[in-house]
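Structure first, commentary second.
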Amino acid sequence: MRSRFASLGLLLAIPSVAALAQTVHRLDATPSTVAYGYYWSDARPALRIQSGDIVDVETMLTNSPAGLERIGVAAADVPQHLRDIVSQDTGALKGPGGHILTGPIYVEGADSGDVLEVRIQRITLPLAYGYNGCSGFVRELCGEQRVSTLIHLDRKRMTAEVAPGIVVPLRPFFGSMGVAPAPALGRVSSNPPGRHAGNLDNKELVAGTTLYIPVFVRGALLEVGDGHAAQGDGEVDQTAIETNLRGRLRIVVRKDMKLEWPRAETPTHWIAMGSDTSLVVATRTAIREMVHFLQETAGISQVQAYQATSMAADAHITQLVDGNVGVHMMIPKRVLVRRR
C-alpha cells in the first residue's frame with residue numbers, strides 16, 4: 001500500500017509530532033561515528049535518538065589529507081577529523097564505496113514499512129574551499145591527467161568562481177542521505193542510489209526541504225555525507241564542489257505513510273524519484289512515482305495523473321555517474337489546487 005497525501009494534507013498531519021520535545025544532539029564525524037563507504041543493516045549505530053529529535057551533524061568530504069594537499073590545500077587547513085578518520089580506519093572497515101558517511105543514526109520506533117522524514121533545517125559551510133575532480137560521464141574530456149581542481153568558496157557572497165569568468169551560486173546540500181537497505185542485500189556500496197535513497201546527488205535537497213525515505217530495518221539507520229557546495233543536474237564529471245558540511249536535521253518517524261521510493265518536498269515543489277542502471281528504467285520509475293503521487297493527492301485516475309504529469313511536471317536527470325543513474329520529476333505545488 002502506498003502513501004496518502006489526501007487533499008494536500010501531508011503538512012496537516014505533522015502538528016502532533018511538532019508538539020514533541022525537540023532534543024538536539026551533536027554528531028561530529030570521527031573514526032567512531034562514520035561508516036566508510038557503505039549502507040548496512042548490521043552497522044553499529046553512532047547515535048540513538050527519538051522521533052522528532054534534531055541532529056546537528058558534521059560530514060567529511062570524500063578525499064584524503066594527502067589528496068587535498070596535492071591540489072594546494074595547506075596542511076593546517078586539512079580538518080583534523082579527516083586525518084583521524086583516514087589514518088585510523090583500516091581496509092576491512094572500508095567500502096565497497098568511497099564516501100565517508102556520518103552515522104548510522106538509530107531512530108527509536110522506526111521499523112520496516114515506515115517512512116523516515118528528514119527535515120533539512122540548516123546547512124553551513126565549515127571550510128572556505130572545496131574541490132572538483134574530473135572523470136564521470138565523458139571522461140575523455142578530462143585529458144590524460146584527470147586532475148582535481150581546488151575551488152575557493154566565498155562564504156560571505158555564497159558564490160564560487162569555478163573557472164575563469166564562471167561564478168556559480170553556492171547551494172549546499174548533502175549528496176548522500178539514506179537508510180540501511182533490506183538485510184538480504186548485505187553491505188551496500190555508498191556509490192549508487194536506490195530505494196534506500198543514499199547517494200541521490202539531488203541538488204534540490206537544500207536547507208528548507210524535506211526528504212521522505214522508505215524504512216527497511218528497525219531503527220532506520222540513517223547516514224549522511226558527501227557534502228556539496230554546488231552541483232548541476234547530472235553531476236557529469238563525477239563530482240560537484242566537494243566539501244565538508246554541517247547540517248541541522250529534524251528526523252521524524254512517519255507511520256501514516258507508505259513509500260516504495262524516496263520522495264521530497266521543497267517550499268515550491270513536490271519531487272518524485274527513480275534510479276537504476278538504465279536511464280530509461282530510472283525515468284519510467286520517476287514518472288510512475290509522480291503519477292502515483294498525483295493519484296493519491298488529487299484523487300484522480302491513473303490516466304488523468306499521467307496526462308497531468310506530461311503537462312505540468314518536469315523531468316530532470318539527477319546524476320549520470322553513480323552506477324545507478326538518477327531521475328527526478330518536479331511538479332509545482334501551486335498547480336495542486338484543493339477541489340470543492
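Readers should treat all values here as calculations from the given coordinates under stated rules, not as data from a laboratory. Source: prediction; values computed, not measured. FYI the Cβ positions are ideal-geometry reconstructions off the backbone, even for glycines, and counts take in every protein chain you see.
Annotations
- Placing unit charges on each Cβ (+1 for Lys and Arg, -1 for Asp and Glu) gives the chain a dipole about its Cα centre, and among Gln22, Tyr38, Pro181 the Cα reaching farthest toward its positive end belongs to Gln22.
- Taking Asp111, Asp233, Asp201 and counting other C-beta atoms within 10 Å, the order from fewest to most: Asp111, Asp233, Asp201
- The chain: Rg to Rh, with Rh as the Kirkwood radius over Cα pairs: 0.96
- Taking 0.36 nm per residue of separation and subtracting the current Cα-Cα distance, fully stretching the chain between Asp56 and Leu93 would add 10.8 nm.
- ³J(HN,Hα), Karplus 6.51/-1.76/1.60, whole Hz, each residue of segment 129-142, x for Gly, Pro: 8, x, 9, 10, x, 8, 6, x, 6, 10, 5, 5, 6, 7
- Relative contact order of segment 6-260, pairs being alpha-carbon contacts under 8 Å that are 6 or more residues apart, as %: 31 percent
- Sites Arg26 and Val303, calculated FRET efficiency, Cβ-Cβ separation with R0 45 Å, nearest 0.05: 0.35
- Note on segment 123-222: dipole from Cβ charges, positive end direction compared against Gly130, Thr159, Leu200; the farthest Cα belongs to Leu200.
- Centre-to-centre, using Cα atoms only, segment 261-340 and segment 109-181 are separated by 23 Å.
- In a simple Cβ point-charge model (Lys, Arg +1; Asp, Glu -1; nothing else charged), the chain has a dipole of about 1120 debye relative to its Cα centre.
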